[in-house]
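Report on one structure; see the data block that follows.
The values are calculated or read from the model by the stated rules, or taken from the named source; none is laboratory data. Nothing here was measured: the structure is a model prediction, and the numbers come from that model. Positions of Cβ are generated from backbone atoms using ideal geometry, with glycine treated the same way; all protein chains shown enter the neighbour counts. Just the protein is used for accessible areas: all its heavy atoms, side chains included, with ligands, DNA and RNA removed. Shrake-Rupley method; radii C 1.70, N 1.55, O 1.52, S 1.80 Å.
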Amino acid sequence: MLPPARVDAYTGYRYYAGAQVERARLVAWLRRIGMPLAGVRDVCALHGTDPGAAARAVRAHWARVEAETAERRDLAASLMNRLGGNDLMDTDTGTTTTAVRPHALHVSALSERGRVREANQDRAHAGPRLLAVADGYGAAGDLAAAAALAALAAVEGAPAPGGRAGDLLNALEEAVHRADVEVGAAAPGAGTTLTAGVWTGSRLALAHVGDGRAYLLRDGDLVRLTRDHTAVQARVDAGELDPAEAAAHPDRALLLRALDGAGDGPAPDLSLHEGRPGDRWLLCTDGLSAVVPEAELRAALAAGAGPEDTVRALLALADGRGGPDNASCVVADVLPAGKGARAAAV
């Protein structure tokens, strides 16, 4: 990887020149972040000719590492609960906590057509346990979105809070596959995105397909929990675009995964997130997230209003930016133990 300046003919000891120190440090750093030797070789070659390309290669490698780590963390959480342990893993922090008394949600949903579209093909649902948004497309996109949410209805009733998380994630994944079949039957030629969460009383199990989004507001910080399944996001992951370029890219809505009844159906991203009293969840379609910057989303979510007023405030932000698309959102607050669940569609 780094040819020595001289090798002692008798001892085999390798000597390096002072000019090689920077490259040696680069190799050591790349190996410390787990980059394979072939990748190290490529980055070193680019470092002297195209530093920007070298940086993009490192960024792409690290994006893959983070994605793989998240998948393993979610699997570990599922296995821990499937094997009957009492400890719960928080997939946002990687830490474990002991089981807690179930908490309820105070939730609200709102969906609006916007100023440009002729019809609203979005659908949103806010129940005591099931939260979901779907963004239909095609001539029968409204039917596709409605069929997807209807297929998830059975998950809201089982398993009951306190059931094993692995069973819940399995049930959620099966429901998404059923939703794909139902979309194909109800709306041939159309399709929909889907971002849905099932609340267990202490955790939110998420299933995600497409470019809807889920966020968590905790202690004033907004954390995005999902990754867009779009061609532009894939280019960001590969280091070919930065997030600012992606936000303005003309192909940002080109989906790589959606529910359309074709083939075997897409594999949903599944994750499990520990909830605490005071947490606030947001699920939304891209009619909100693609129009309103995250800083404004955070400010609206942190303003202190209840879920009903907050969903109105969020969609007012999208409307204030021209309302170019249908927009839907669900806001859910985690209540202290003992408080009753509250659901509203405004």
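Other residues whose C-beta falls under 13 angstrom from the C-beta of Gly48 contribute a net charge of -1, scoring Lys and Arg +1 and Asp and Glu -1. Remark: the stretch 196-236 carries 24 Å² of accessible area per residue (probe radius 1.4 Å; ligands, DNA and RNA excluded). Positive contributions from Lys and Arg (+1) and negative ones from Asp and Glu (-1), summed over other residues with Cβ under 12 Å from the Cβ of Glu174, come out at -2. Between the beta carbons of His177 and Ala45, assuming R0 = 35 Å, the FRET efficiency works out to 0.20 to the nearest 0.05. Peptides 130-136, 4-10, 261-267 ranked from most to least packed give 130-136, 261-267, 4-10, packing being the mean of other C-beta atoms within 10 angstrom over each peptide's residues. Return the carbon/sulfur percentage of the accessible area of the stretch 211-257, one whole number, probe 1.4 Å, all protein chains in place. Roughly 52 percent of what the probe reaches on the stretch 211-257 is carbon or sulfur. Between Asp279 and Val334, the built amide H atoms are under 5 Å apart, and every one of these is 5 or more places off in sequence or on another chain. What the phi angles of the stretch 38-47 give under the Karplus curve with 6.51, -1.76 and 1.60, with θ = phi - 60°, is a coupling list of 4, x, 4, 4, 5, 5, 4, 5, 6, 4 Hz, glycine and proline written as x.
Take each peptide in 143-149, 39-45, 298-304, count the other Cβ atoms within 10 Å of every residue, and average; sorted highest first, the result is 143-149, 39-45, 298-304.
Charge tally for Gly322 (other residues, Cβ to Cβ under 15 Å; Lys, Arg +1; Asp, Glu -1): -1.
For the stretch 210-297, what does the alpha-carbon gyration tensor say about shape, rounded, prolate or oblate, given a ≥ b ≥ c as the root eigenvalues, a/c under 1.5 as rounded, and a/b over b/c as prolate? The shape class here is oblate.
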